[in-house]
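Below is one structure; the comments refer to it alone.
Nothing in this text is a laboratory measurement; each read-out follows from the coordinates by a stated rule. Here the structure is a predicted model, which means the values were calculated and not measured. Here the Cβ positions follow ideal geometry from the backbone for every residue, glycine too, while neighbour counts run over all protein chains shown.
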Ligand SMILES: Nc1ncnc2c1ncn2[C@@H]1O[C@H](COP(=O)(O)OP(=O)(O)OP(=O)(O)O)[C@@H](O)[C@H]1O
Ligand SMILES: [Mg+2]
């Protein structure tokens, strides 16, 4: 199914503030010569990026390299940009902190900001999809970290996105909850068929989830690897181990050497 892309127009010579249609079927993201500067410093510096419809892309990069800045631009939350950014109209974003409104019950949080006064049943369906149907009427402060993150995912899903943007969604979760949340995102992606761009610091998470892993550095996509393996994947797979070393190297981290056991 071809996704219609829309231009995020920012520069004054174009129709300011309006999105413009573009017939780029088959793509979920097209970025050309994107630059975003803060106080004269280009954090994103002439960046190019293409994401085909339905692809699962993971974005790695050192802290402060501009990953969240890029995600915010793609989400349409930051339009102070130069260059061309094409994204689907239906897109959704979830951040590391679930950002639930404490004075609204979970189901109302899920519907927050949705156009057209959708009913409770819409929220219930999305909450069921993320395994949170027993917490529909709960107050956000009574949710565990993992439950709050699932509520945040449900809020993204009700938007029926063609592009799902996830900024370190598992960053605050404990190791076990994190694995469950990773599996949930993998399942949702397979079921929904939307393109996903997920930011993480976890190279193994990237290799387990992604079709393609990107490394951001110096304001551009400096490196990429394709992960040509069926799912579910085993992190002990030799190909993944090889890619892990390559990515850690690109990130400037030396992969730990395998333990050497000396025999007397
Ligand atoms: N609104 C802003 N005003 C000024 N500088 C900003 C602003 N937003 C981001 N920056 C700067 O841009 C750079 C990139 O920030 P960004 O949040 O995109 O990094 P990141 O790659 O997501 O890092 P992390 O992995 O730590 O989340 C940082 O140096 C940050 O200080
Ligand atoms: Mg960030």
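Structure summary
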item	result
Separation between Cα centres of the range 98-176 and the range 198-246, rounded to whole Å	27
Label zone at residue 202, where the point sits 7 Å out along the Cα-to-Cβ direction: the range 223-242 residues whose backbone N lies under 16 Å	233-236
Potential lengthening between residue 32 and residue 141 on full extension [0.36 nm per residue; Cα-Cα distance subtracted]	35.1 nm
Helix-only CD estimate at 222 nm, as mean residue ellipticity for the chain, using -39500 (n - 2.57) per DSSP H run (n ≥ 4)	-8500 deg cm²/dmol
For the range 148-264, share of DSSP beta bridges that run antiparallel, in % to the nearest 5	55
Highest-MSF residue in the chain out of 218, 119, 66 [GNM, Cα springs under 10 Å]	119
Inter-label distance for residue 128 and residue 63, nm, one decimal - labels placed 7 Å from Cα along Cα-to-Cβ	4.2
DSSP beta bridges in the chain [antiparallel fraction, %, rounded to 5]	60
Label point distance in nm, residue 242-residue 77, each placed 7 Å from Cα along Cα→Cβ	3.8
Residue 235-residue 4 pseudo-label distance in nm [points 7 Å out on the Cα-to-Cβ vector]	4.3
